[in-house]
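Asks: Pasting in a structure now, in structure tokens, and then I'll have a few things to ask.
Nothing in this text is a laboratory measurement; each read-out follows from the coordinates by a stated rule. In this text the structure is predicted, and so the values were computed from the model without any measurement. Positions of Cβ are generated from backbone atoms using ideal geometry, with glycine treated the same way; all protein chains shown enter the neighbour counts.
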Ligand SMILES: [Zn+2]
């Protein structure tokens, strides 16, 4: 699943390429979309804006029409010049939004819907999205409260639950837990307020750092980075490092499937014990 920062960057790039421009043609292989596009044609409308919220990309057109796409595991948006060769197979194409200057092509998006502002507001799942760590108006207190309200949930599961906190994917889940020395299999109710606060603040810091890195005008597959090391091989603390020595203590990194969706979680057994981390212990006792 792409991380929220990848989607945020994709939406930003789409916005820069499309906003203010007239749609000249709209193509889709998705019957549900083509029905709507037939009744309320896209060509002739202007793209007002493209925004990301959690894992969703919303493309707003003039005349109150919104194209909502969800990236899930495999979906992506690309931008091409008219006639330019695509980097994915045409058979993976789901949607093409054409303007005079660029074509925005959605490949393999598993969820794509047209909405008006009103139907979007009433859409289940969309309405229940938790605080988005990349949102300008992000309220950390609200995110902390949201985590603490789900005490029975394991940390690693909660961080991926978009209705609790939106924007994190599987890579940052493990990285955030490591940075805060929290074992991802602990229940949220066992965390001190400092630990919960650390998770929320670190999630935002990591994702923002990966968004503000210059990426030019291309939508690229993002190289997530959480360490400060220049060596590409050393850009993550624990994710994908099963059996390798912890960069902090040398213990071997472990991994295990977690939650009902069996998403793989990486952690250091020594830096992230099942008990309250040392530096938080005093604070919790006071
Ligand atoms: Zn360690």
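Asks: Compute the Cα gyration tensor for the range 92-243, then decide on rounded, prolate or oblate, letting a ≥ b ≥ c be the square roots of its eigenvalues: rounded whenever a/c is under 1.5, prolate when a/b is larger than b/c in the other cases, and oblate in all that remain.
Replies: oblate
Asks: Using label points projected 7 Å from each Cα along Cα→Cβ, tell me how many nm separate residue 108 and residue 72, to one decimal.
Replies: 1.1
Asks: Then there is this: In Å, the Kirkwood hydrodynamic radius of the range 1-142 over pairs of distinct alpha carbons?
Replies: 15.5
Asks: Quickly rank 184-197, 81-94, 224-237 as a protection proxy: mean count of other C-beta atoms within 10 Å, highest first.
Replies: Going from most to least packed, we get 184-197, 224-237, 81-94.
Asks: On to the next question. Could you state the angle between the C-alpha long axis of helix 4-18 and the longest principal axis of the C-alpha atoms of the chain, as a value from 0 to 90 degrees rounded to the nearest 10?
Replies: 20
Asks: Take peptides 35-45, 130-140 and line them up by average Cβ neighbours within 10 Å, highest first, as a rough protection proxy.
Replies: Result, highest mean Cβ count within 10 Å first: 130-140, 35-45.
Asks: For the range 74-154, what class follows from the C-alpha gyration tensor (a ≥ b ≥ c being the square roots of its eigenvalues): rounded when a/c is under 1.5, otherwise prolate if a/b is larger than b/c, else oblate?
Replies: It comes out prolate by the Cα gyration axes.
Asks: If each residue of separation counts as 0.36 nm, what is the full-extension length gain between residue 254 and residue 139 once their alpha-carbon separation is subtracted?
Replies: That pair, residue 254 and residue 139, stretches by 38.1 nm at full extension.
Asks: Using only Cα atoms, tell me the angle between helix 193-212 and the longest principal axis of the chain; keep it within 0 to 90° and round to the nearest 10.
Replies: 40
Asks: Additional query: Only helical DSSP H runs with n ≥ 4 go in: add -39500 (n - 2.57) per run for the chain, normalise by residue count and round the 222 nm mean residue ellipticity to 500 deg cm²/dmol.
Replies: Here the helix-only value at 222 nm equals -8500 deg cm²/dmol.
Asks: Now, a different point. Angle between the Cα long axis of helix 170-179 and the longest principal axis of the chain, 0 to 90 degrees, nearest 10?
Replies: 30
Asks: Classify the chain as rounded, prolate or oblate from the Cα gyration tensor: take a ≥ b ≥ c as the square roots of its eigenvalues, call it rounded if a/c is under 1.5, otherwise prolate when a/b beats b/c and oblate if not.
Replies: Since a/c reaches 1.5 and a/b is larger than b/c, the shape of the chain is classed as prolate.
Asks: Oh, and also: Multiply the residue separation of residue 64 and residue 190 by 0.36 nm, subtract the distance between their alpha-carbon atoms, and state the gained length in nm to one decimal.
Replies: 40.8 nm
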